[in-house]
Amino acid sequence: MAIINQANKELQLKIVYYGPGKGGKTTNLEQVHSNLGSVQEKGKLISLATSADRTLFFDFLPIEAMAIKGFKTKFQLYTVPGQVIYNTTRQLVLRGVDGLIFVADSQYEKMAENVESFQNLEENLRALKLDLAEIPYILQYNKRDLPTAAPVDYMEFLLNNREVRVPSFTSVASKCEGVFESLNMITRMLLNKNINEGSRKTA
C-alpha cells in the first residue's frame, strides 16, 4: 500500500523481488544500486546474508522518481529470502507491497522450485489478506545465458498461463541484462496505477 508523507510531500511505493533461492533477486538489486547514476539519489544497499541463503532479511534501496501531483515518488526495493525456512520473513517483507518482480531461474532443473515459489507467493499474500490479481507484477526469466536454460515459451506456460498475462522479461542479472527493463516496467505500472487512482478520487 502506497504511503503518503504529507510533511515531506512524498509518495512511497514498495517493490518486492520474489522467487526461488539463488535465482537472482539479490543480484538484481546489487546491479540496480551499482549502476544508478549519481544524479539519482539512492539509499544504502543493506544486505543481510547467511551461509545458507544469500539474503536473510531484505535489501533496501529508495530511488527518487517523477512527481505525482506535487509529491515526490520514492521506490523502496526489497528482496525476500529464497529458502522456505525463512517464510515468516517473506511475509514480513511482503507487508505493504505495491508491486512485485518475480525472478525465476531459467534452468530446467529449477522449474519445480519456480512453480513452488510462485505458489508460495500467492499463499503468503492470501495470509496477508492480499490478492495477486490486484497487485501489479511482472515476471523476469533470469540466467538466460546458461546452457540448461529452458525455452521462454515453456516458462510462460508454467508461470504466465493466466487469463490476464503480465509483462515478462528475459535477463542475465549478473551482466545487468534485463535488470533495468524489468524495474522500469514495474515502476511505470505503479505510477500509472497511482495516477489513475488519484484521478478517480478527485473526479
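³J(HN,Hα) across the range 87-93 via Karplus (A = 6.51, B = -1.76, C = 1.60, θ = phi - 60°), whole Hz, x for Gly/Pro?
Once θ is set to phi - 60°, the couplings for the range 87-93 become 5, 4, 5, 4, 5, 4, 5 Hz.
Pop a pseudo-label 7 angstrom from the Cα along the beta-carbon direction at both Arg165 and Arg126 and give the gap in nm to one decimal.
2.6
When a footprinting reagent is the concern and you count Cβ atoms within 10 Å, what order do Arg90, Arg188, Arg144 take, fewest first?
Arg188, Arg144, Arg90
Pop a pseudo-label 7 angstrom from the Cα along the beta-carbon direction at both Gln119 and Ala133 and give the gap in nm to one decimal.
2.0
Please tell me which of these pairs span more than 26 angstrom C-alpha to C-alpha: Lys129/Lys193; Lys25/Lys74; Lys22/Lys175? Don't jump to the answer; show the numbers that get you there.
On the way: Lys129/Lys193 20 Å; Lys25/Lys74 20 Å; Lys22/Lys175 15 Å.
Correct reply: none exceed it.
Give the relative contact order (percent, whole number) for the range 78-155; include only Cα pairs under 8 Å separated by 6+ residues.
Values: 70 pairs, mean separation 30.0, N = 78.
Rounded, it is 39 percent for the range 78-155.
Could you please rank Ser182, Ser168, placing first whichever residue has the fewest other Cβ atoms within 10 Å of its Cβ?
Ser168, Ser182
Just to confirm the filter: which GluC sites (Glu not before Pro) across the range 127-203 are DSSP coil and have at most 11 other Cβ within 10 angstrom of their Cβ?
Working: sites: Glu134, Glu156, Glu163, Glu177, Glu181, Glu197; in loops: Glu163.
In loop regions of the range 127-203 (DSSP not H, G, I, E or B), the sparsely surrounded GluC sites (Glu not before Pro) are Glu163.
Read-outs throughout are calculated quantities, based only on the coordinates presented, and are distinct from any laboratory measurement. Since the model is a prediction, treat every value here as computed from it, not as a measurement. Methodologically, a virtual Cβ is constructed for each residue, glycine included, from the backbone with ideal geometry; neighbour enumeration extends over all protein chains shown.
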